[in-house]
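This report concerns only the one structure given below.
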Amino acid sequence: ADPSGRAAMDSTKDETVMAPHNSVCERQLDLEFPACPMDGCSYDFLEEFADTGGLSVETHLKSIINENSRSGAVLRGAAQLLRLFKRPDSHSGTTSSSACDSQGLGDSFTIADACNTVIKPHTLRFRSSMDRSSRVQDVPSSSLSYAQLAAMTSLKDRRGNSAFKDLATHFVSHAWNSDFKHFVKALRFWLFKNNYPMEDAYFWVDAFVINQNCSIELPQKWWSTRFMQGIQKIGTTILVLDRWQQPQCLQRAWVLWEIYCTTVCGSKLELTMHPDTLEDFEQALGNSFEVVQDALSNICVKQTKAFNAVDQEMIHKEIHRSIGFTSMNELVQAKLQNLLLDMAKRRLQERKIKEKVFDNFTQKKHRLMLELNLAIFVRERGNIQDAEKTFRRLLGELFPAFGQEDSLSSKCLFQLAVTLQKGGKMNEALQMHESCLKLRRTVLGKQHPDTLQSLANVALTRSEIKPLSETLWQLARAELTDAIDGQEAILGQSHPQTLASLSNMGRLLSKAPNVSAELLEEAQYFHDRACEELEVKGITSKHPMGLTALYNQAQNQILKGTIQNDKQLLESAVNQLQRVLLGRTEKCGMAHPETVETGKVLREARCKVDAPGGDLSSASWQEVAYEACPEVCSAMQLKKMRAVLRHFDINRLRTELVEQRYIDQATSLLTTKLQPFNFFARLAAGVSTQPANDALQSKLGEFQDRYLIACNRPEAELMWNSEDPAWLGKANLAKRHVIMTVKDLHWEWYNILTFGFVSGIEKGLEKLKEMREAATHWASEMAEWQTEDKLGFYMSCSPHTRVKAMQLHILDMTCLGPSFLRFRSSYLSINAAIEALEQELAESRPQSTGHKKAWMRGIVSL
């Protein structure tokens, strides 16, 4: 680091930095940009606007004048507005809006139509002549937003309530070409689904809240600062989807920006759509899970576009720099799949109720088909246990009702076998696959596609049973060969099922008990053919089938590269596994079993490519750390990670964080601006707040000035016990779980990784022990929490956490959640951290005068 950085670091390292420093940025923002308007419109106003084609305001103004119930000033203002709506266009001599002629927008119109035909003309070229006490008295432009216009005229909705309020309850994100009536019905559906009182809901809808006549004048920085603040203040974003297949809104860059702002500022993201769209999804799922899988695989937010290329570049660049498109795709996929699953389950319950009433054979079979495909959906999301339970229950219902020979019964038996196979229960899975194969051969014949699929799965499952003898392997190879021959003859050489079997043949050859270079070469042929033809058919790294084929191919390359000592081939395999890992994270989630397995294989492959202690000059800290320490949950592992950091160079890490804008170069403090949005640093600085936690904060007693108690999002607290992969790693770690962070924003305290690297090990150890004391004191003040011996204090070592601020998780260990148990290897107890630093301190003490240990080289000498 340069001398100026050293001086700044030395001058601040022992100071606790509080809100006054960080509030400077906020005050400068106040002077530079206007605040984001926070108005919200009622649901009843939106519904009336949809029903009347936007004529409700004009009707309202006429009623004000006719009733003659207001003061002269207000009457004159209303009359002025009404004359404005009727004013001829200066160029054409016609009225500026069809709405002005009381024709409205007709039965079908988009949000863009509403904006261009009603909203903009109604608010154009108007300057307030109202009383100086009006809240819009100082509007700088010559026009108003629709919300401001409504406020001036005391616009009411059809219930008689205010059509607009100063603070919206929900921010709404949508596509501008969405049908307005469908948009409104989607919001109504969200209110119904969440039991939210309709009269209490006020939605932030940009067409009404932002001044549409001058919105294009707002600079990009306004959207990345004030706009983001507005989303954070509202607290909940509702994304309205126009359809479940290729939603238009997920193709727009500004919608992506709104999702990004919601994510980084800690707001809640909800999805909704028109009920008819969900019925279409239900029908598609009832007919074929593969159709649903294909549609969801095509969603990729990286392909979003904006009308303005500069805006698009700004949005994509910021997302790439911060949380990345992988995380954005993972978030959107998880939210969309949660919505679709939730609605499919609701419809399933409705069908069961109707079935009891009418006892209809056809309805029952349709319900069972939907439930079976829904179980496949659940399984492919990674929830294998729930899927297995559902398939077993359905099998018990199908066999007595329709018999074993029924096509739906055999499909259920096959899917249960696949589920057992994916769950590692290979022996039981093989028995069921063999039973299904025998059944299908009898009913469908040997050359039916379903029979051939069963034969392929029998072979694949047989090859996965350990130990695998040469005899069983040869049998599996012969079975899979027969299946491929049949599929090529019946389905064609390029059919997805055929290509999947080719990839599995390559996998089977790679698993030979006596694997040889010749077998691996033959396997490579099958892998190459499968991957190339899947790519031609458009089944790429976005699709689960394409990802599996690429994964199998990369594993074969690792074996070949290892046997042939071919580093170039190993590097190619590592790059391909990285692609698969990103794809599976986006489509399946980071907690999905296949994603976890891919990460494990990737780390092992990297170890074969890079020798320990090799050249680190071009690698990032994340790359080096993950390779050296794939998990940090013990004192020994933390010591190893910190030793790796000394070898990497602490100054390089600091430079990385400065370049990522998480650290201020001049002050060495964590940044608390909106870009990047470091939520816990902002909480520690007092820039962001959680008012509901004031009572919890007071329980810290004498430690309040140095530490802060924070909580997770409300929905994450509610889902603490969920095993759904969409919530693993996001939900609370326990039923009772809070987070303690440090108020000192010096970067040394951003993570346990760097404790003591600036101020010395003694200071770092002292800080850790004080944190433990503060957390223990806090828990002792909470009546519902357990005794000290049943408490857990845990932290994550960088880069095994994305958070760039200290988090000490305070947990009630008597009620741990699946997230903690699944990612246990990423959590380090504070006692283990203290033990590691105590050992470092003992090892650092010189044995003779003037002697220093090698570990001292890594300490910052600033």
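The values are calculated or read from the model by the stated rules, or taken from the named source; none is laboratory data. Predicted model, so just to flag it, every value in this text is computed and none were measured. Neighbour counts are summed over all protein chains in view; Cβ atoms, including those assigned to glycine, are modelled from backbone coordinates with ideal geometry. Heads up: the accessible areas ignore ligands, DNA and RNA and are worked out on the full protein's heavy atoms, side chains in. Shrake-Rupley method; radii C 1.70, N 1.55, O 1.52, S 1.80 Å.
For segment 636-777, the per residue solvent-accessible surface stands at 37 Å², with DNA, RNA and ligands left out and a 1.4 Å probe. Normalised by the number of residues in segment 678-768, the mean separation of alpha-carbon contacts (under 8 Å, six or more apart) gives a relative contact order of 25 percent.
Of 684, 589, 599, which is farthest towards the positive pole of segment 534-691's charge dipole, taken about the Cα centre with +1 and -1 on the beta-carbons of Lys, Arg and Asp, Glu respectively? Among 684, 589, 599, the one farthest towards the positive end of the dipole of segment 534-691 is 684.
Surface composition of segment 498-595: carbon and sulfur atoms hold 51% of the protein heavy-atom accessible area at a 1.4 Å probe. Selection among 747, 775, 765 by position relative to the dipole of segment 734-780 gives 775 as farthest towards the positive end (Cβ unit charges, Cα centre). In terms of accessible area, using a 1.4 Å probe and ignoring ligands and nucleic acids, 435, 42 rank largest first as 435, 42. The heavy atoms of residue 325 offer some 20 square angstrom of accessible surface to a 1.4 angstrom probe.
As a length-normalised measure over Cα pairs under 8 Å and 6 or more apart, the relative contact order of segment 333-473 settles at 14 percent. Taking only protein heavy atoms and a 1.4 Å probe, the accessible area of segment 373-451 is 48% carbon and sulfur. Note on segment 288-436: along the principal axes its Cα atoms extend 63, 41, 20 Å, ordered by decreasing extent.
Classify segment 174-303 from the C-alpha gyration tensor, please: rounded if a/c falls under 1.5, else prolate or oblate depending on whether a/b exceeds b/c. Note, shape of segment 174-303 comes out prolate.
Charge dipole of segment 759-828 (Cα centre as origin; +1 on each Lys and Arg Cβ, -1 on each Asp and Glu Cβ, all else neutral): 500 debye, rounded to the nearest 20.
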